[in-house]
Amino acid sequence: MKNSKYTGLIIAYISFCVVVILVAAAILSGLVGANNTNQMNSILALMSEKLNTSFDMMTDYLKEASDIASASRTDFDVLYEQFSSTSEGKPYKMPYSNIGFVDSEGNIYATEGEKLDIEKYGFGEKALEVDDIYITEPYRSAVTGLNMITLFAPVYGPDISAAKDEALSRRDGPHIVRQKRRLEDDKKIRRGSIFVTYYLETIQGLAYSDVLTDATEIYLVNALSGNYVNCTGTEDSPAGTWGNIRLRKKSIKGINGYDMDEWLENMRNETDDNIINVKEDGEEFTQAFVDIKGMEKWNIVIKIPIKELSTAMSNFTMVMTVAAFAILGATAVLAFVLNRVERKRAKKLEEISVMDPLTKVLNRRGLDEGLENMFPKDDEMLEKKGIYIFLDIDNFKAINDNFGHEGGDKVLKESAEILANYFKDKALVARVGGDEFNLYIYEDMTVAEVDSAMSYVREAFASIKADSHVESGVTFSAGIARYPEDAIGLEELVESADKALYTVKKRGGADHLWYS
């Protein structure tokens, strides 16, 4: 995401929160003196809204990270190093505590503590069965002892066989067909999942408000199992304590015709009948639930003494408004801190997505994006010129066979460096295959100037040695086509250059040829 867009989202989010707070304050002012049911629903609506907005921000961040990971053709161990390095030095209370990956074989790329938790609860296998965002239930980390929640998102990637298929089809089809085939294959292959882990206390904190009395209790409750986590703390039950609501049910009795078993059944069935009056330890309470959209079958349950409900609500508007603006202020500060971190992370991830990691020139995706911007548009056709070059290193397989991948990588990196340095600010330079480079010259150059450039590059390539004991350098074959002389569009221009390269190779290589 670009910085301007990211900043715009922050401003939009803050503006939205301000509007929500002001509207909520006006609504709550009109509810003072209303019945307990309306008051309870108002409190729950605000709390659930804060929680669900928090989950929306979490999932938006994860989806963006998933898209970047899916666009990269890098192994998960490398991706993990790249993603985790962007979070180094992050201040305490950042949105997530850890980030990691699970591949399709179930291998986990994360900290040792994260691995223990993911393996213990089997979250990795469950995530691989889901084609969308998967949110775990709250759990207590076996390493830190803290309550956590983890979000997973699918990561897709290239079919390894697609590269072989591309090599076989190089002579038979144009570049654009191979590119589309690769993009289609990329969408089909599930490589694994990316996950981020959050402290549950950040979610619990959203459910708390100073306006509520010490006698008020707030829980996150699982409707199926009855397990709950305390959001508000007492001496007997501190915040973060786990329990089961069914174990407490024996000491709770419904009053005024309300039935506790029916209330629990309504929670499981997600009905709107969510409020009940009960008596526990001789004191009467009103309690209600509301589901959390981001956590399936989990609900917020709030329990307020009936005798204090009216008193609390009379001051709720003023205190809630102040508290909400305080939360909003803290959110704004955190958002702008995140923005600074995000800029560095986004810049690095953008480079990963469009740059070839070995040669540091553009990859195929980067070239496509560059061509979209640099190739003449419809209203510029025939007015601007361009030159497309297909360039292959001759006998590269023999170089790899004789000197190994280390020698081959050395040749590729030095070749890319020569092309990038010579054509700097003149052309897009990309590595689009094993030994294949594509160049698009967007500066106005004559045939003679390009021939001179190719001669210079040929001499520079001659100095490249895969090994210090080799006497001869590297040669290349290149096919060149001009726009608009040889083609009326980008697809035809690429095809013309490809045909010229094929002719050069058929003649023995080590030369360049203009399309005719």
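Neighbouring Cβ atoms within 10 Å as the yardstick, rank 512, 405, 469 fewest first.
On the way: 512 22, 405 10, 469 7.
Going from sparsest to densest Cβ surroundings: 469, 405, 512.
Kindly put 415, 54, 472, 193 in sequence by how many other C-beta atoms sit within 10 Å of each C-beta, fewest to most. Could you put the intermediate results ahead of the total?
Values: 415 24, 54 19, 472 7, 193 28.
Fewest-to-most Cβ neighbours within 10 Å comes out as 472, 54, 415, 193.
At 7 Å along Cα-to-Cβ for each site, give me the label-to-label distance between residue 462 and residue 402 in nm.
Placing both labels 7 Å along Cα→Cβ, they lie 1.7 nm apart.
In debye, nearest 20, what is the charge dipole magnitude of the stretch 364-514 about its Cα centre with +1 on Lys and Arg Cβ and -1 on Asp and Glu Cβ, if you could check?
Value, rounded to 20: 380 debye.
Picking from 418, 371, 509, whose Cα lies most toward the positive end of the charge dipole for the stretch 364-514 (charges on Cβ: Lys, Arg +1; Asp, Glu -1)?
Result: 509, furthest along the dipole toward the positive end.
Hey, fewest Cβ within 10 Å first, where do 514, 298 land in order? If you can, show how the numbers build up before the last one.
On the way: 514 18, 298 24.
The most exposed by this proxy come first: 514, 298.
Within the set 410/499; 360/505; 360/424, which residue pairs have Cα atoms separated by over 23 Å?
410/499; 360/505
Each value in this text was obtained by applying a stated rule to the coordinates, not by laboratory testing. These numbers were taken from a predicted model, which means no experiment stands behind them. All Cβ positions, glycine included, derive from the backbone under ideal geometry; neighbour counts span all protein chains shown.
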